[in-house]
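> Before anything else, here's the structure in question.
The values are calculated or read from the model by the stated rules, or taken from the named source; none is laboratory data. These numbers come from a predicted model, not from an experiment. As a convention, Cβ positions derive from the backbone with ideal geometry for all residues, glycine included, and neighbour counts pool all protein chains shown.
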Amino acid sequence: MDIQHKNIIIIGPAHPLRGGLASYNERLAKAFQDKGNTVQIFTFSLQYPGFLFPGTTQFSSEPAPPNLRIRVCINSINPFNWIKIGKQIAKQKPDLIIVRYWLPFMGPCLGTILRIVKKNKHTKIVCIADNIIPHEKRMGDLQFTKYFVKPIDGFITMSTKVLEDLKQFTTSKPAKYVAHPLYDNFGEKINQATARQHLSLPLDVRVVLFFGFIRQYKGLDLLLDAIAILKNNHNQSNIKFLIAGEFYEDRKPYDDQIHRLGIYEDLILRTDFIPDSEVKYYLCAADMLIQPYRNATQSGVTPLAYHFEVPMVVTNVGGLPALVPDKKVGLIAEPNAASIAQKIAEFFAVGAESFIPGLQSEKGKYSWDVMTEEIVSIANFK
């Protein structure tokens, strides 16, 4: 099922905000525009108050994406703004609203806007849910999500785990898991040597990449322990672990752990935010991507690995194993340091090149056409 000539509004992060949600929404807008629809993105003038944002800045230093209409207008903590924006959108009578939901904090803001829009008796509302139950729980999560869910007509979830979590809030509305499409908006794959030269990385070592914001649930501490095990028990040498991403929590415990384990020389730390224009260099420089998560719903890093054809070692948590067929596009470890170390050693014993055919065959499943068609199907236009 497909549509053309519809008026579509996407509500969620977009430029000048940075990060994976913004990149996704911008790419989704382009996918619908390419099919002949009129698309706007309504994004946040204030997304998070400072206490909820652990990074250095919420804003991108990159230029705005070309040929997209982005309105910077939603204030996540101002109820008068919610009413104003809700009335503005309702008056436009869009055929379809696609709203992102990733954090219960956004429930009151987005739920209020969407309740007002529904009064126009015309607009269909589909939620793309990255998380329903958050990784880091806070007081009010349950109530905020209940409030958000009510005006939604249907849900696309980014993992089977989120699809199951959604049942705690509604079982009467259509909902479907659709895999995260490939991030193909960061450029094409480039030669590994070229990527390493750009990043000033050594050419004569094997590079394992940990990529993305550093938060407790992503298991960097497990990886650090695994590196020490590799050195001591698996006779692994000539490997550098490239840690690329901004700390979203106190980095001191990690620095202390690195010092205690004596693995500083095994690491390459690039712990600033990685701008979009640099993403391809990090992925293409790596022999392998590691996701040592303690828990997960899904990961936006996995579609990056598929696009740039980088094999993966991921932990057996949440939606990660479903996206990474074991021994085909990578290896599945248990979420503990010993298993992670063993799988990294196994990966290099087998060789990265053995996983490339599997990556190339699997990546065809993750298209933006599939995502747009599933959103339209959930919306159930008559």
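> Does ALA175 qualify as being over 28 Å from LYS87 (Cβ atoms), buried (at least 18 other Cβ atoms within 10 Å of the Cβ) and at pLDDT 95 or above?
Working: over 28 Å from LYS87 (Cβ atoms): yes; buried (at least 18 other Cβ atoms within 10 Å of the Cβ): yes; at pLDDT 95 or above: yes.
The answer is yes for ALA175.
> Which residues, counting only those in region 279-298, are part of a helix (DSSP H, G or I), under 15 Å from PHE213 (Cβ atoms) and not aromatic (Phe, Trp, Tyr)?
VAL279
> Can you find, within region 258-276, the residue that is nearest to the chain's Cα centre (by Cα) among those that are assigned to a helix (DSSP H, G or I) and either without any contact (Cβ under 8 Å) to a residue 24 or more places away in the chain or closer than 18 Å to PHE213 by Cβ (or both)? Quick ask: steps written out before the conclusion?
Keep residues of region 258-276 that are assigned to a helix (DSSP H, G or I), which gives 258-261, 264-266, 276.
Keeping just the survivors that are either without any contact (Cβ under 8 Å) to a residue 24 or more places away in the chain or closer than 18 Å to PHE213 by Cβ (or both) gives 259-260, 264-265, 276.
Numbers: HIS259: 30, ARG260: 32, TYR264: 28, GLU265: 30, ASP276: 13 Å.
Looking at the filtered set, the residue picked out is ASP276.
> Would you tally the residues in region 299-323 being part of a loop (DSSP other than H, G, I, E, B), more than 16 Å from the chain's Cα centre (by Cα) and crowded, with 24+ Cβ neighbours inside 10 Å?
Result for region 299-323: 2.
> Output yes when any residue across region 316-327 is touching a Gly at 6+ places or on another chain (Cβ under 7 Å), in contact (Cβ under 8 Å) with a residue 24 or more places away in the chain and of a type in the set (A, V, I, L, M, F, W, C), and no when none is.
For region 316-327, residues touching a Gly at 6+ places or on another chain (Cβ under 7 Å), in contact (Cβ under 8 Å) with a residue 24 or more places away in the chain and of a type in the set (A, V, I, L, M, F, W, C): absent.
> Another one. Taking region 112-124, which residues are under 14 Å from ILE74 (Cα atoms) and crowded, with 22+ Cβ neighbours inside 10 Å?
Of everything in region 112-124, those that are under 14 Å from ILE74 (Cα atoms) and crowded, with 22+ Cβ neighbours inside 10 Å turn out to be ILE113, LEU114.
> Looking only at region 181-223, how many residues end up being hydroxyl-bearing (Ser, Thr, Tyr) and closer than 24 Å to SER23 by Cα?
2
> Sticking with this one: So which strands (runs of 3 or more DSSP E) stay within region 137-247 end to end and still have 1 or more residues that are more than 25 Å from ILE344 (Cβ to Cβ)? Steps first, answer last, please.
Numbers: elements: 154-157, 175-177, 206-211, 239-244.
The strands (runs of 3 or more DSSP E) meeting that bar are 154-157, 175-177.
> If you check ALA341 against the conditions, is it crowded, with 20+ Cβ neighbours inside 10 Å, assigned by TED's automatic domain parsing to the domain that holds TYR281, over 16 Å from PHE211 (Cα atoms) and in contact with a Lys or Arg (Cβ under 6 Å, 6 or more places away or on another chain)? Steps first, please.
On the way: crowded, with 20+ Cβ neighbours inside 10 Å: yes; assigned by TED's automatic domain parsing to the domain that holds TYR281: yes; over 16 Å from PHE211 (Cα atoms): yes; in contact with a Lys or Arg (Cβ under 6 Å, 6 or more places away or on another chain): no.
Spelling it out, it is not the case that ALA341 is crowded, with 20+ Cβ neighbours inside 10 Å, assigned by TED's automatic domain parsing to the domain that holds TYR281, over 16 Å from PHE211 (Cα atoms) and in contact with a Lys or Arg (Cβ under 6 Å, 6 or more places away or on another chain).
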